[in-house]
Ligand code: SF4
């Protein structure tokens with residue numbers, strides 16, 4: 001279910017009921033992402049957020065129909081890019097779409113750059129692959145300029161090891177945007193960078209979004225990154241969307257206890273210090289989801305007999321949606337405060353949290 005129903009021509013990317021399965025031999029398929037729906041408009045940055053194991057990166061791979069493992073595949077749903085379903089395109093057609101209409105940027109620029117090739121040639125690769133060889137050198141310089149790197153001609157001749165981590169990430173973004181795609185998928189693009197470099201990359205993405213009317217799908221574990229960059233956010237937990245909304249209302253009044261926990265643990269913008277809070281426990285391993293609500297083993301306001309038996313459906317509220325059976329109760333508005341101030345069984349209280 002998608003809380004934000006856009007007219008078909010308004011959504012650049014329209015992901016509908018997407019599921020991802022892992023198939024190994026004759027074993028039954030393991031559904032690691034279930035029924036995920038969201039949209040990205042032109043000129044809009046949308047965050048896909050969750051801890052490691054939440055399914056956010058697998059969802060991004062499914063959008064491109066480009067999985068790191070041959071055992072993974074789209075199990076159900078549609079991935080509509082300008083109305084065309086990428087999940088059903090033949091491989092040759094899909095290769096034309098990648099790079100030309102969708103660019104991708106990943107966490108560690110070093111692994112995606114060839115150490116033996118000048119970066120200018122690497123920016124030119126997607127242009128060559130799509131047969132755009134006219135004015136190639138000028139286009140490369142233009143792209144390096146667009147990345148706000150000074151002395152573009154000199155930078156183009158450098159090898160990756162001669163550039164800083166932030167500069168290498170800008171080179172990868174330049175290569176991803178070489179064909180002027182309408183959509184950029186950025187998977188943890190700043191995680192490997194230090195905080196000041198990270199801020200520069202996020203500012204750059206925001207400027208590119210506005211100038212190029214670029215749609216951005218930003219995959220991250222960090223809601224602070226979403227706050228600085230995105231207009232819309234989708235929170236994933238254990239392979240499902242648990243909350244979606246525009247950034248302002250989600251940050252002002254998160255409805256799902258998991259979203260509240262993530263917010264409680266993000267950077268303090270004043271001190272730039274990491275909060276001492278962390279959500280107790282860890283994301284359950286795929287295929288070993290708990291019965292009922294998948295978050296119930298970590299939830300501060302779990303209601304035994306309800307949350308551990310009944311699967312919550314995604315329910316709409318205003319412009320957003322959440323997957324919590326108790327989100328309409330007053331107690332759920334401040335789930336982690338409620339647990340701090342109420343007597344709790346010793347086995348649950350503070351379990352795994354930093355005191
Ligand atoms: S359904 Fe229950 S366990 Fe799940 S998030 Fe809501 S209150 Fe917590």
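Selection of segment 316-355 for residues being modelled with pLDDT under 90 and surrounded by 14 or more Cβ atoms within 10 Å (Cβ to Cβ) yields 338, 339, 344, 348, 349, 353. The set of residues in segment 204-225 being touching a strand residue (DSSP E or B) at 6+ places or on another chain (Cβ under 9 Å) and within 18 Å of residue 278 (Cβ to Cβ) consists of 220, 221, 222, 223, 225.
Among the residues of segment 308-337, those identified as in a loop (DSSP other than H, G, I, E, B), within 10 Å of the ligand (Cβ to nearest atom) and under 17 Å from residue 241 (Cα atoms) are 310, 311, 312, 323, 324, 325, 326, 327.
Rundown of residues vs (1) touching a helix residue (DSSP H, G or I) at 6+ places or on another chain (Cβ under 8 Å); (2) over 25 Å from residue 51 (Cβ atoms), yes/no style:
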| site | (1), (2) |
| --- | --- |
| 168 | yes, yes |
| 174 | yes, yes |
| 184 | yes, no |
| 209 | no, yes |
| 213 | no, yes |
| 216 | yes, no |
| 220 | yes, no |
| 227 | yes, no |
| 233 | yes, no |
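What's the total number of residues in segment 159-169 that are part of a helix (DSSP H, G or I), surrounded by fewer than 24 Cβ atoms within 10 Å (Cβ to Cβ) and either in contact with a strand residue (DSSP E or B) (Cβ under 7 Å, 6 or more places away or on another chain) or in contact (Cβ under 8 Å) with a residue 12 or more places away in the chain (or both)? Looking only at that region, the number is 6.
Only one entry in 135, 99, 120, 83 is in contact (Cβ under 8 Å) with a residue 24 or more places away in the chain, exposed (fewer than 15 other Cβ atoms within 10 Å of the Cβ) and within 24 Å of residue 211 (Cα to Cα), namely 83.
The values are calculated or read from the model by the stated rules, or taken from the named source; none is laboratory data. The structure displayed is predicted, hence computed values, not measured ones. For neighbour counting, all protein chains shown are included, and Cβ atoms are generated from backbone atoms with ideal geometry for every residue, glycine included.
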